[in-house]
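Note sheet for the following structure.
A short reminder: the numbers here are calculations on the coordinates, not readings from a lab. A quick note: this is a predicted structure, and the numbers were derived from the prediction, not measured. Cβ coordinates were reconstructed from backbone atoms using ideal geometry, including for glycine residues, and neighbour counts include every protein chain displayed.
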Amino acid sequence: MASRTSPAAPAVPAAPITQDVLTLPRKLPETERTNLVGLTRDQLRAALIAAGTPEKQAKMRVGQIWQWIYHWGVRDFAAMTNLAKDYRALLAERFEIALPEVVTRQISADGTRKYLLRIAGGHEVETVYIPEEGRGTLCISSQVGCTLTCSFCHTGTQKLVRNLTAGEIVGQVMLARDDLDEWPEPGEGSIAERLVSNVVLMGMGEPLYNFDAVRDAMRVVMDGEGIALGRRRITLSTSGVVPEIARTAEEIGCQLAISFHATTDEVRDRLVPINKRWNIDMLLGALRDYPRLSNSERITFEYVMLKGVNDSDADAKRLVKLIAGIPAKINLIPFNEWPGSPYQRSDWDRIEAFADIIYKAGYASPIRTPRGEDIMAACGQLKSATERARKSRAEIAAEAGI
């Protein structure tokens, strides 16, 4: 399309390609211009005024530029034809519309796509797109690495490098739309079928340890005149940063998922070490006070099924008692193994028996279908290639207390 830069990766063949890896060249060095991607409306207005836009025009200019960037996906100021030529030249001189660089794209046999993205400083993060019938979910990252060291999670074996900026978070959504050719033609309304219909903050990192950038990024993504994903289409997953849970409802308003995974503090301390700071009682207390708690907006409890660790009938019964009074559903996640992992996936009949106990207690208990395992894109498997710590299975098991 002439008015839009080419997608970050070559066009995808109609049929899924297993282990298709596309390596792209590096971008030119960054300039000193301010990147507009990820700025909230207020921040964009302030930036335009600082660059010389008259205050009386600023609100209108924000709306025009916002629509070009986030509704039509345009990256070239020269293509913003409802702006005067001299103003477009000013924008090009002072600003840029820049996204993370796609290093590789892998396509699973089941259609799942995993993108390895390079951001400022040469660091890398991973983003995963999961196509399903009637919907498409994009799993995005909020940090390079993770500070939580959850023992069952591959990302947890990579130390935290830094938080992502709001622009780097929004950029993941925009790159996926590039790759899926989801932007409408300039001048057109929204496309009929959304390929990226849902966003989950379940990639690399703990979103609530990067609260401000995540909040600002989600405000951009939810804005009705741009990408326009409703708040119920966005789910933030946290391991239990208790002080930030209420802020999530008040300042973001998205759906909430809890990386729970155990029914006793002893086991959760080992699986999710943040439990040593905010234990199960403290976490559940914060959830019962969650401002948006209602039957129509249930909290999702994520529970990875680990053989012989947290998958007994007693665990299922304890789980039901623990969450009593909280409108909730429980997503059961068959453990996705990774190199050196100290755990095994629960047997399928054990997972089904666990789900049955929860279901009979009145809670939805879907078993998540593993997706993208052949390209290490499944839940808990993400880890940027250049940062991988080549630990032995014994070292990882020792850290997990096994």
With 0.36 nm assigned to each residue of separation and the Cα-Cα distance removed, residue 82 to residue 147 gains 18.8 nm
Residue-ordered couplings for the stretch 124-129, obtained by feeding phi - 60° into the Karplus form 6.51 cos²θ - 1.76 cosθ + 1.60 and rounding to whole Hz (Gly and Pro as x), are 10, 9, 10, 10, 10, 10
Per the rule of 0.36 nm per residue minus the C-alpha distance, extending residue 288 to residue 133 adds in nm 52.5 nm
Straight-line reach check, residue 159, cutoff 20 Å on alpha carbons, 8 or more apart in-chain or any other chain, hits among aspartates and glutamates -> 124, 126, 168, 206, 269, 337, 387, 395, 399
Applied in sequence order to the stretch 249-255, the curve 6.51 cos²θ - 1.76 cosθ + 1.60 (Karplus, θ = phi - 60°) yields integer Hz couplings, x standing for Gly and Pro, of 5, 6, 9, 10, x, 7, 6
Net charge near residue 266 (other residues with Cβ under 14 Å of its Cβ; Lys, Arg +1; Asp, Glu -1) is 0
Length gained if residue 247 through residue 364 is fully extended, taking 0.36 nm per residue and subtracting the Cα-Cα distance, is 39.5 nm
Restricting to aspartates and glutamates and to Cα separations under 15 Å from residue 360, and discarding same-chain partners fewer than 8 apart, the set is 313, 315, 352
The summed charge of the residue 58 Cβ neighbourhood (under 11 Å; Lys/Arg +1, Asp/Glu -1) stands at +3
Rounded to 0.05, the calculated FRET efficiency for the beta carbons of residue 326 and residue 266 at R₀ = 30 Å is 0.85
Dipole check, the stretch 75-182, charges on Cβ (K,R +1; D,E -1), about Cα centroid: among 117, 164, 134 the Cα furthest to the positive pole belongs to 164
In the neighbourhood of residue 365 defined by beta carbon distances under 9 Å, the net charge of the other residues (Lys, Arg +1; Asp, Glu -1) is 0
Placing each pseudo-label 7 Å from Cα in the direction of the beta carbon, residue 59 and residue 92 end up separated by a distance in nanometres of 3.0
